[in-house]
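Scroll down for the structure; my scribbles are underneath it.
The values are calculated or read from the model by the stated rules, or taken from the named source; none is laboratory data. Remember, it's a predicted structure, so these values are computed and weren't measured experimentally. Here the Cβ positions follow ideal geometry from the backbone for every residue, glycine too, while neighbour counts run over all protein chains shown.
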Amino acid sequence: MGYLVIISIIILYFYLDKLLTKKCNIPKRNWVYKPESKWFAILFFLTFIAYVFIVFIYSDANFFFIFPFIGATVKLIFSAEQFIYKRENRLFITYLLEAFLWVLLGITAIIFFN
């Protein structure tokens, strides 16, 4: 049941992403992270390192349940960066949608697999 819910959430995300991309005329983004500001790059790497060390500090922490929230935090950082520096291309909308997707996947994983 949990796998079906996760797959349906991912399929719904792809349809919403395509719809928003066409409707809002959002350009395609790069696969590689190119920071607009060095402060956001530092924040990104510090956040990522902090989440990775959580698994080592708390031995009973399950990386399967933490990973979606890592994705959500990173996507929120990307969204804030795009909103501040490149608001006119509206790429921050896609990053917010992805952050919501990661939070939803994390909650679903905790509900069905914990």
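Of the residues in region 90-101, none is in contact with an Asp or Glu (Cβ under 8 Å, 6 or more places away or on another chain), among the basic types (Lys, Arg) and either assigned to a loop (DSSP other than H, G, I, E, B) or farther than 22 Å from Ile7 by Cα (or both).
Quick check: is even one residue across region 69-77 among the basic types (Lys, Arg) and surrounded by fewer than 15 Cβ atoms within 10 Å (Cβ to Cβ)? Before the answer, list the steps.
At the first step, the residues of region 69-77 found to be among the basic types (Lys, Arg) are 75.
Those left that are additionally surrounded by fewer than 15 Cβ atoms within 10 Å (Cβ to Cβ): none.
Checked region 69-77: no residue is among the basic types (Lys, Arg) and surrounded by fewer than 15 Cβ atoms within 10 Å (Cβ to Cβ).
Out of Ala109, Ala99, I need the residue that is surrounded by 13 or more Cβ atoms within 10 Å (Cβ to Cβ), under 18 Å from the mean Cα position of the chain (by Cα) and modelled with pLDDT of 90 or more. Which one? Only one candidate passes the filter, namely Ala99. Any residue at all in region 44-61 that is exposed (fewer than 10 other Cβ atoms within 10 Å of the Cβ), on the phi > 0 side of the Ramachandran plot and not aromatic (Phe, Trp, Tyr)? No; the residues of region 44-61 include none that is exposed (fewer than 10 other Cβ atoms within 10 Å of the Cβ), on the phi > 0 side of the Ramachandran plot and not aromatic (Phe, Trp, Tyr).
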